[in-house]
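**Student:** Below is a structure I'd like to ask you about.
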2 protein chains.
Amino acid sequence: MSAPGPVPASGPAPGPAPAPGPAAVRAAALARLSVNQETVRQLSLPELARETAALGIGGVGLWRDPVRGYGAEAAGRLMRAHGLRVTSLCRGGFFTAKDPAGRRAALDDNRAAVEEAAALGTGTLVLVSGGLPAGEHDLPGARERVADALAELAPYAEERAVRLAVEPLHPMYASDRCVVSTLGQALALAERFSARQVGVVVDTYHLWWDERVPDQLARAGEQGRIAAFQLADWVTPLPEGVLLGRGQLGDGCVDFRAFRELTDAAGYSGPVEVELFNPALWARDGADVLKETAERYLTHVL
Amino acid sequence: MSAPGPVPASGPAPGPAPAPGPAAVRAAALARLSVNQETVRQLSLPELARETAALGIGGVGLWRDPVRGYGAEAAGRLMRAHGLRVTSLCRGGFFTAKDPAGRRAALDDNRAAVEEAAALGTGTLVLVSGGLPAGEHDLPGARERVADALAELAPYAEERAVRLAVEPLHPMYASDRCVVSTLGQALALAERFSARQVGVVVDTYHLWWDERVPDQLARAGEQGRIAAFQLADWVTPLPEGVLLGRGQLGDGCVDFRAFRELTDAAGYSGPVEVELFNPALWARDGADVLKETAERYLTHVL
């Protein structure tokens, strides 16, 4: 949060600084907010930039496919022209193939993702580790292959000023999408590397149920490893199934304020990114969804 | 496993005991197997008893509704008449109500469940803790209410020779059904009580993703707290959704043999219960499903 405005040179002698008014608090909070592009996938990149900036939201998280379609450097310029930070690029990863060809293809694709992040002008590449290959039963082995891939990629990314951000996904995705299921596992992986090379993503949707998160957030914060803080609500029953059922803030049972206070206490002062995969939101007017998201953020997170 | 048969009194001098043959190994393994009634809910209790016993399966896990319909003592006699153990009664729990009336109703219902278990002749009452009440966001508070309820029930159950078996359910159920999401949480709750009063349920479907399970199983075993060991497979994508998608053994990615070896190493020698909630199995002939289940168990678990 920024300090209150400067005292006018010709004013009275400085007393205690006045508390910022509600409008300043709101503006500072919105400047910290980032909206992940998938939340409003119905918007083009220019629409996203315009509507997000118009609301005073400070940043966006972008995805590789639309960024490549637009051109990574051009997308970065577009966002900067609207005063927006690109808080993350989603996503690399999918490192769990066992066969050499699959493994090589994954590493090649991730080097391309690093380059796209650098061209876009973001320092955070979100990685989803990949699931168990079909027919496999060896979860520890798959997790070790993720570590091996990070070891190959981390120096490459660091040279390009991009940090690999390992995202733990909810355990319900352990088989098909992400063998890294907890913040503890993500941290254990990240701690094999420097904090400049590998960080972790903290996403409330994936972690809200885990009582170890407060301690792990403190540990991640001490190490400077919180690379992204993402929000989505957990709604019961999952409104659009396991994959797309991520609820608008306030519609479910996540205690966002407690999460945000924990990340604050851990020393994290970076962006707070809202990432909702939810067809009900995609069917609505994108600008309306952005406005609602900003209001929900101010109500439930601030 | 039992020792090989006695040496005939008039036989040759005893040498090394012969290894049990395949038929004896199979019979001993099936004697350890228990099939949870929900796996074949299309069968009545008499059908379940007859078909299970005919296959040489040693036990059944039963559910309160059908047991009450038949009469708990009569159901117990029926199973014993077929040489079957009742390895568990499912289920009590749902302790997370905040209001005094809801809380009192839950405790009353659980005392009734304890009495039903005692009448049925099983020492294991499986408890599912309950989820977050609607509109609640305080997961630690809900978990503490579970502990409070256990404290009220444990002496009552112990007097009736029934052990409360706390079942951690997969984290995807934390909001609506079970705030106890890991074996670690279940153990932490159970350890507030004697191992005679409160144990834990180890279910592969709920725990397969968690890398801490091997250590926790060892700890649970040392304390004699493994009250039930249940099997179901995790199939991707979940074939019947979050609630009913429990796969037949071998259809998914769970390493059952590794799990069974871990429970063996932890000193657990009790029944191995297969509990599948799966409409595709319910639509089939129940005796066929039982037979398939026994064969899958022999192939993937033994």
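The values are calculated or read from the model by the stated rules, or taken from the named source; none is laboratory data. For clarity, every value in this text was computed on a predicted model and none was experimentally measured. Glycine also receives a Cβ, built like all others from the backbone with ideal geometry; neighbour counts cover every protein chain displayed.
**Student:** So which residues in segment A:224-277 are of a type in the set (S, T, N, Q), surrounded by fewer than 23 Cβ atoms within 10 Å (Cβ to Cβ) and either at pLDDT below 95 or within 24 Å of A:Arg163 (Cβ to Cβ) (or both), if there are any at all?
**Tutor:** Of everything in segment A:224-277, those that are of a type in the set (S, T, N, Q), surrounded by fewer than 23 Cβ atoms within 10 Å (Cβ to Cβ) and either at pLDDT below 95 or within 24 Å of A:Arg163 (Cβ to Cβ) (or both) turn out to be A:Thr236, A:Thr263, A:Ser269.
**Student:** Every residue in segment A:116-136 that is in contact with a helix residue (DSSP H, G or I) (Cβ under 8 Å, 6 or more places away or on another chain), surrounded by fewer than 18 Cβ atoms within 10 Å (Cβ to Cβ) and facing chain B (nearest Cβ under 9 Å), please.
**Tutor:** A:Glu136
**Student:** Starting from segment A:76-90, take each residue that is touching a residue at least 40 places away in the same chain (Cβ under 8 Å) and crowded, with 22+ Cβ neighbours inside 10 Å and list its partners that are part of a strand (DSSP E or B) and polar (S, T, N, Q), counting only C-beta distances under 8 angstrom and pairs at least six apart or across chains.
**Tutor:** Filtered contacts from segment A:76-90: A:Thr87/A:Ser34; A:Thr87/A:Thr124; A:Ser88/A:Ser34; A:Ser88/A:Asn36; A:Ser88/A:Thr124; A:Cys90/A:Asn36.
**Student:** On to the next question. Do we have A:Val201 as closer than 17 Å to A:Cys90 by Cβ and of a type in the set (A, V, I, L, M, F, W, C) here?
**Tutor:** yes
**Student:** Going through segment A:188-202 one residue at a time, which ones are free of Cβ contacts under 8 Å to residues at least 60 places away in the same chain, under 29 Å from B:His206 (Cα atoms) and in contact with a strand residue (DSSP E or B) (Cβ under 6 Å, 6 or more places away or on another chain)?
**Tutor:** Scanning segment A:188-202 gives A:Leu189, A:Ala190, A:Val200.
**Student:** Scan (1) part of a helix (DSSP H, G or I); (2) away from chain A (no Cβ under 14 Å); (3) crowded, with 17+ Cβ neighbours inside 10 Å; (4) touching a helix residue (DSSP H, G or I) at 6+ places or on another chain (Cβ under 9 Å) for the single condition B:Tyr156 breaks and write down its number.
**Tutor:** With respect to (1) part of a helix (DSSP H, G or I); (2) away from chain A (no Cβ under 14 Å); (3) crowded, with 17+ Cβ neighbours inside 10 Å; (4) touching a helix residue (DSSP H, G or I) at 6+ places or on another chain (Cβ under 9 Å), B:Tyr156 is out only on (3).
**Student:** Also, I was wondering about something else. With the condition kept exactly as written, say whether any residue in segment A:96-104 is hydrophobic (A, V, I, L, M, F, W, C), surrounded by 21 or more Cβ atoms within 10 Å (Cβ to Cβ) and touching a residue at least 12 places away in the same chain (Cβ under 8 Å).
**Tutor:** Scanning segment A:96-104, I find no residue that is hydrophobic (A, V, I, L, M, F, W, C), surrounded by 21 or more Cβ atoms within 10 Å (Cβ to Cβ) and touching a residue at least 12 places away in the same chain (Cβ under 8 Å), so the answer is no.
**Student:** What's the number of the condition A:Thr299 fails, among (1) buried (at least 17 other Cβ atoms within 10 Å of the Cβ); (2) of a type in the set (Ser, Thr, Tyr); (3) over 18 Å from the mean Cα position of the chain (by Cα)?
**Tutor:** Of the numbered conditions (1) buried (at least 17 other Cβ atoms within 10 Å of the Cβ); (2) of a type in the set (Ser, Thr, Tyr); (3) over 18 Å from the mean Cα position of the chain (by Cα), the odd one out for A:Thr299 is (1).
**Student:** Identify, by number, the condition in (1) farther than 30 Å from B:Gly252 by Cα; (2) in contact with a Lys or Arg (Cβ under 9 Å, 6 or more places away or on another chain); (3) in contact (Cβ under 8 Å) with a residue 24 or more places away in the chain; (4) within 12 Å of chain B (Cβ to nearest Cβ) that A:Ala227 doesn't meet.
**Tutor:** (4)
**Student:** Here is a list of conditions, (1) buried (at least 23 other Cβ atoms within 10 Å of the Cβ); (2) within 26 Å of A:Leu139 (Cα to Cα); (3) of a type outside the set (Lys, Arg), and B:Val289 meets all of them except one; can you say which number that is?
**Tutor:** (2)
**Student:** Before we move on, is B:Asp108 surrounded by fewer than 24 Cβ atoms within 10 Å (Cβ to Cβ), of a type outside the set (Val, Ile, Thr) and either farther than 23 Å from B:Arg163 by Cβ or within 14 Å of chain A (Cβ to nearest Cβ) (or both)?
**Tutor:** no
**Student:** Would you call A:Leu164 crowded, with 22+ Cβ neighbours inside 10 Å, away from chain B (no Cβ under 14 Å) and assigned to a helix (DSSP H, G or I)?
**Tutor:** Judged against the criteria, A:Leu164 is not a match.
**Student:** Looking for something under 26 Å from B:Phe256 (Cα atoms) and either touching a Gly at 6+ places or on another chain (Cβ under 6 Å) or acidic (Asp, Glu) (or both) - is there at least one such residue anywhere in segment B:69-84?
**Tutor:** The answer is yes, given that some residue of segment B:69-84 is under 26 Å from B:Phe256 (Cα atoms) and either touching a Gly at 6+ places or on another chain (Cβ under 6 Å) or acidic (Asp, Glu) (or both).
**Student:** Considering only residues that are more than 17 Å from the chain's Cα centre (by Cα) and among the aliphatic types (A, V, I, L, M), look in segment A:80-99 and name the one that is nearest to A:Ala54 (Cα to Cα).
**Tutor:** Among those that are more than 17 Å from the chain's Cα centre (by Cα) and among the aliphatic types (A, V, I, L, M), it is A:Ala81.
**Student:** Here is a further query. Quick check on segment B:265-283. Is at least one of its residues within 18 Å of B:Arg26 (Cβ to Cβ) and among the hydrophobic types (A, V, I, L, M, F, W, C)?
**Tutor:** yes
**Student:** Could you tell me which residue of segment A:168-214 is nearest to A:Glu144 (Cα to Cα), considering only residues that are polar (S, T, N, Q) and buried (at least 22 other Cβ atoms within 10 Å of the Cβ)?
**Tutor:** Only one residue tops the list, namely A:Gln185.
**Student:** Mind checking which residues of segment B:50-105 are within 30 Å of B:Leu139 (Cα to Cα) and hydroxyl-bearing (Ser, Thr, Tyr)?
**Tutor:** B:Ser88, B:Thr96
**Student:** Have a look at B:Leu189, B:Leu243, B:Leu207, B:Leu238 and point out the one that is within 15 Å of the chain's Cα centre (by Cα), of a type in the set (A, V, I, L, M, F, W, C) and within 13 Å of chain A (Cβ to nearest Cβ).
**Tutor:** That would be B:Leu207, the only listed residue that is within 15 Å of the chain's Cα centre (by Cα), of a type in the set (A, V, I, L, M, F, W, C) and within 13 Å of chain A (Cβ to nearest Cβ).
**Student:** Looking for whichever is in contact with a His (Cβ under 8 Å, 6 or more places away or on another chain) and under 21 Å from B:Pro140 (Cα atoms) here; the options are A:Arg212, A:Arg257. Which one fits?
**Tutor:** It is A:Arg257.
**Student:** Counting only residues that are of a type outside the set (Val, Ile, Thr) and not in a helix (DSSP H, G or I), how many does segment A:175-232 have?
**Tutor:** Within segment A:175-232, residues that are of a type outside the set (Val, Ile, Thr) and not in a helix (DSSP H, G or I) number 28.
**Student:** Kindly check whether there is at least one residue in segment A:34-53 that is surrounded by 19 or more Cβ atoms within 10 Å (Cβ to Cβ), touching a Gly at 6+ places or on another chain (Cβ under 6 Å), more than 21 Å from A:Asp285 (Cβ to Cβ) and not aliphatic (A, V, I, L, M).
**Tutor:** No, segment A:34-53 has no match at all.
**Student:** Looking only at segment A:43-92, which residues are under 10 Å from A:Leu120 (Cα atoms), among the aliphatic types (A, V, I, L, M) and not in a helix (DSSP H, G or I)?
**Tutor:** Those that are under 10 Å from A:Leu120 (Cα atoms), among the aliphatic types (A, V, I, L, M) and not in a helix (DSSP H, G or I): A:Leu62, A:Val86, A:Leu89.
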